[in-house]
Amino acid sequence: MSPVVSVVVIGRNEGARLERCLQSIRRMENPGGEIELIYVDSASTDGSPQLAEKYDAKVIVVQPKRPTAALGRNAGWRAATAPFVLFLDGDTILDSRFVVDSLREFAPDTAIVWGHRREIHPEQTIFNRVLDLDWIYAPGITEFCGGDALMRRSALEQVNGYDEALIAGEEPEMCRRMRAAGWKILHTDHPMTGHDLAMTAWSQYWKRATRAGYAYAEVSRRFRDSGMPFWEEDARRNRSRTLMLAGIVLGGLLGSLLLWSPVPAILGSLFLFLLVVRTALKARWKGAPLSTLLLYGIHSHLQQIPIFLGQLQFEGDQKAGKARGLIEYKDAGK
């Protein structure tokens, strides 16, 4: 009997996080038939392939010179045999009812159904606490999904899956091609996965935001001259916001030096504070405490700097004809 759902897990040195993910898949409610489990490993050195085999997973090991998440996901769904493919990252925990609930949501023109991803340990670090809010999207038809999602195999086949050349932003880029082909992407109001960001250092935060900027620049350029541009406005907005923030800070400092008065610096700081409060108030619908919302407001503006630098890195790589490797921010699993 053919499986109803193929679960494709990708990972690279996730360690104990991978085992936790595989255990959660075992606990998922039966979707009405067999479940096929496939684990795609990207050159791990921690024994992850052997661990996955213990959970009866079909293991695929990819060892490219330039590993990407897109390459791993493509290897997984192309080896899958079910009409629906659930993609999971190895650092996630699957909600036991997500697949059962989501299969009911598929209309004939629905390519992807995805739910809520939340941080498992938001209390552990300030980074986890704030970035947990980045996962919260309003339910409904969306332009793209994240790495965890339930997809119709026929839609994957139609667009030939993910673009393996991308080091980030591969899901939104593929979703854009699916939407151009007439498919819809649905975000449901159901829990989907718990995620283990495991972010403990400023350098990790910076690298993660830099990677996002690189993706903005690369993906937006790809569709710039098409009839359906994508992320171009996000990339432009990031550049504008970064220049504005730099102007406020430098203007306040220079004004104070030239006038030999703290007033310009104080006014600049007050304006930045008001921007943070405005962002926090706009994010109230996410349901977080005020202290977390204020931190989220700081994050929303502060991240513009490394995002902008990520865009500059892409432009520099384009001019130099350089293919950048993965921008990794997470330590190997323990």
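The values are calculated or read from the model by the stated rules, or taken from the named source; none is laboratory data. Just so you know, these numbers come straight off a predicted model, no measurement behind them. Note that each Cβ is placed from the backbone with ideal geometry, even for glycine, and that neighbours are counted across all protein chains shown.
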>> Here is a list: Ser240, Ser256, Ser261. Which entry is out of contact with any Phe, Trp or Tyr (no Cβ under 9 Å at 6 or more places or on another chain), surrounded by 13 or more Cβ atoms within 10 Å (Cβ to Cβ) and among the small types (Gly, Ala, Ser)?
In response: Ser256
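The rows are residues; the columns are (1) within 30 Å of Tyr137 (Cα to Cα); (2) in contact with a Gly (Cβ under 9 Å, 6 or more places away or on another chain); (3) of a type in the set (D, E, K, R); (4) not assigned by TED's automatic domain parsing to the domain that holds Trp231.
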site: Gly252; (1), (2), (3), (4): no, yes, no, no
site: Ser256; (1), (2), (3), (4): no, yes, no, no
site: Val263; (1), (2), (3), (4): no, yes, no, no
site: Val277; (1), (2), (3), (4): yes, yes, no, no
site: Pro289; (1), (2), (3), (4): yes, no, no, no
site: Thr292; (1), (2), (3), (4): yes, no, no, no
site: Leu295; (1), (2), (3), (4): yes, no, no, no
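State yes or no: is Arg117 more than 21 Å from Ile38 (Cβ to Cβ) and among the basic types (Lys, Arg)?
Numbers: more than 21 Å from Ile38 (Cβ to Cβ): no; among the basic types (Lys, Arg): yes.
So Arg117 does not fit the description; no.
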> Among the listed residues Glu123, Glu119, Glu171, which satisfies the condition of being closer than 29 Å to Tyr296 by Cβ, buried (at least 19 other Cβ atoms within 10 Å of the Cβ), among the charged types (D, E, K, R) and without any contact (Cβ under 8 Å) to a residue 40 or more places away in the chain?
Replying inline: Glu171
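Report yes if some residue within the stretch 226-237 is in contact with a Gly (Cβ under 9 Å, 6 or more places away or on another chain), more than 30 Å from Ala16 (Cα to Cα) and among the aromatic types (Phe, Trp, Tyr); otherwise report no. Outline the logic, then answer.
To start, the set of residues in the stretch 226-237 that are in contact with a Gly (Cβ under 9 Å, 6 or more places away or on another chain) comprises 231, 235.
Imposing the further condition that a residue be more than 30 Å from Ala16 (Cα to Cα) reduces the set to 231, 235.
This time we only want the ones that are among the aromatic types (Phe, Trp, Tyr), so: 231.
Yes, the stretch 226-237 contains at least one residue that is in contact with a Gly (Cβ under 9 Å, 6 or more places away or on another chain), more than 30 Å from Ala16 (Cα to Cα) and among the aromatic types (Phe, Trp, Tyr).
Only one residue in Lys322, Lys282, Lys334 is at pLDDT 95 or above, more than 20 Å from the chain's Cα centre (by Cα) and more than 17 Å from Met244 (Cα to Cα), so which one is that? Walk me through how you get there before you give the answer.
On the way: Lys322 fails: at pLDDT 95 or above; Lys334 fails: at pLDDT 95 or above.
Of the residues listed, the single one that is at pLDDT 95 or above, more than 20 Å from the chain's Cα centre (by Cα) and more than 17 Å from Met244 (Cα to Cα) is Lys282.
Of the residues that make up the stretch 209-220, is at least one within 30 Å of Gln63 (Cβ to Cβ) and not assigned by TED's automatic domain parsing to the domain that holds Trp285?
No: zero hits.
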> Across the stretch 1-20, which residue is modelled with the highest pLDDT among those that are crowded, with 24+ Cβ neighbours inside 10 Å and of a type in the set (Gly, Ala, Ser)?
Replying inline: Ser6
> Hey, any hits in the stretch 12-33 for a residue that's part of a strand (DSSP E or B) and assigned by TED's automatic domain parsing to the domain that holds Phe84?
Replying inline: no
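Just one of Ala43, Ala111, Ala70 is modelled with pLDDT under 95 and in contact with a Phe, Trp or Tyr (Cβ under 8 Å, 6 or more places away or on another chain); which is it?
On the way: Ala43 fails: in contact with a Phe, Trp or Tyr (Cβ under 8 Å, 6 or more places away or on another chain); Ala111 fails: modelled with pLDDT under 95.
Just a single option satisfies the conditions, and that option is Ala70.
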> Only one of (1) touching a strand residue (DSSP E or B) at 6+ places or on another chain (Cβ under 6 Å); (2) over 30 Å from Arg284 (Cα atoms); (3) buried (at least 22 other Cβ atoms within 10 Å of the Cβ) is not met by Arg152, so which one is it?
Replying inline: (3)
> Out of curiosity, is Arg179 at pLDDT 95 or above and assigned to a helix (DSSP H, G or I)?
Replying inline: yes
